[in-house]
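Written out below as structure tokens is the structure these notes cover.
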Amino acid sequence: MVKIAFIIMSIVLAIFLYFLNVWFEEEDFQIEKLNKKYIEDTRKLKNISKIDSWLHEKVKNNLKELPKDSKTADFKLIKFFDTYAKKYNLKVEKFIYKDDLAHFLKIKYVISRENYNALNKFLKQEYKGGYIMLKNFKIDKSTLSGNLILIQPFLSHIIKKREVVDVVPQ
């Protein structure tokens with residue numbers, strides 16, 4: 001009788017230990033999943049802080065001194081174009097166009113792939129007081145070509161008047 005009770009107790013204990021082991025494995029899997037999520041979130045937060053510091057250093061400083069009038073904004077765009085036109089084979093694709101927040105100049109560029117220094121300088125090129133947006137680029141056998149847009153922030157001082165229309169229901 002003692003032997004039977006001992007065997008039954010051993011079987012029950014073995015079954016209990018087996019299910020306890022399965023439960024621990026599931027919990028361990030859940031913990032690993034949570035750790036991976038935590039690591040991903042931490043990396044995202046670090047990237048956000050890098051982007052925030054970049055915005056603070058580059059963008060905020062560029063927006064401190066906006067041109068006072070439309071002619072100055074256009075002059076800055078034209079000056080940049082004139083400075084680098086020969087070096088990067090720049091051609092105006094769409095002359096200065098505007099919206100409420102900026103003036104834009106769409107430019108086509110062609111750079112020889114053999115001239116590594118010019119290519120490297122072009123990719124690191126900055127536009128003081130504004131921004132350069134590479135719209136597209138195409139690599140051929142001997143050239144790198146594409147479009148870029150120069151963006152000159154400028155707040156137009158034109159206040160849009162709201163039209164008041166009195167509609168009388170009939």
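The values are calculated or read from the model by the stated rules, or taken from the named source; none is laboratory data. This structure is a prediction, so every number in the text was calculated from the model and none was measured. Glycine gets a Cβ as well: all are built from the backbone with ideal geometry, and neighbour counts include every protein chain shown.
Could you check region 90-132 and list, in sequence order, the residues that are part of a loop (DSSP other than H, G, I, E, B) and farther than 17 Å from I149 by Cβ? Show your work before the answer.
Within region 90-132, the first condition is being part of a loop (DSSP other than H, G, I, E, B), and the residues that meet it are 90, 99-101, 113-115, 124-130.
Matches in region 90-132: R113, E114, N115, K124.
Of the set (1) among the polar types (S, T, N, Q); (2) under 15 Å from the mean Cα position of the chain (by Cα); (3) more than 30 Å from G129 (Cα to Cα), all apply to T42 but (2). In region 3-14, the count of residues that are under 20 Å from L148 (Cα atoms), surrounded by 10 or more Cβ atoms within 10 Å (Cβ to Cβ) and either touching a helix residue (DSSP H, G or I) at 6+ places or on another chain (Cβ under 8 Å) or of a type in the set (S, T, Y) (or both) is zero.
With respect to (1) more than 25 Å from L55 (Cα to Cα); (2) in a loop (DSSP other than H, G, I, E, B); (3) at pLDDT 75 or above, the lone exception for V164 is condition (3).
Conditions (1) modelled with pLDDT of 85 or more; (2) in the same structural domain as L144 (by TED's automatic domain parsing), marked per residue:
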site: V2; (1), (2): yes, no
site: I11; (1), (2): yes, no
site: E25; (1), (2): yes, no
site: K33; (1), (2): yes, no
site: E40; (1), (2): yes, no
site: F75; (1), (2): no, yes
site: K79; (1), (2): yes, yes
site: D82; (1), (2): yes, yes
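For region 84-101, taking the residues that are among the aliphatic types (A, V, I, L, M) and at pLDDT 80 or above, the one that is nearest to K141 (Cα to Cα) is identified as L90. Residues in region 85-103 that are farther than 14 Å from L134 by Cβ and touching a helix residue (DSSP H, G or I) at 6+ places or on another chain (Cβ under 9 Å) were compared, and the one that is surrounded by the most Cβ atoms within 10 Å (Cβ to Cβ) is H103. Picking from residues in region 104-120 that are of a type in the set (A, V, I, L, M) and under 17 Å from I139 (Cβ atoms), the one that is surrounded by the most Cβ atoms within 10 Å (Cβ to Cβ) is I111. Scanning region 53-73 for residues that are assigned to a helix (DSSP H, G or I), at pLDDT below 80 and of a type in the set (D, E, K, R) returns E57, K58, K60.
The residue that is farthest from P67 (Cα to Cα), among those in region 126-136 that are at pLDDT 80 or above and surrounded by fewer than 14 Cβ atoms within 10 Å (Cβ to Cβ), is N136. Would you confirm whether or not region 51-59 contains a residue that is under 28 Å from K138 (Cβ atoms) and more than 23 Å from the chain's Cα centre (by Cα)? Checked region 51-59: no residue is under 28 Å from K138 (Cβ atoms) and more than 23 Å from the chain's Cα centre (by Cα). Anything in region 120-144 that is within 11 Å of V110 (Cβ to Cβ) and β-branched (V, I, T)? List them, or say none. Scanning region 120-144 gives a single hit, T143.
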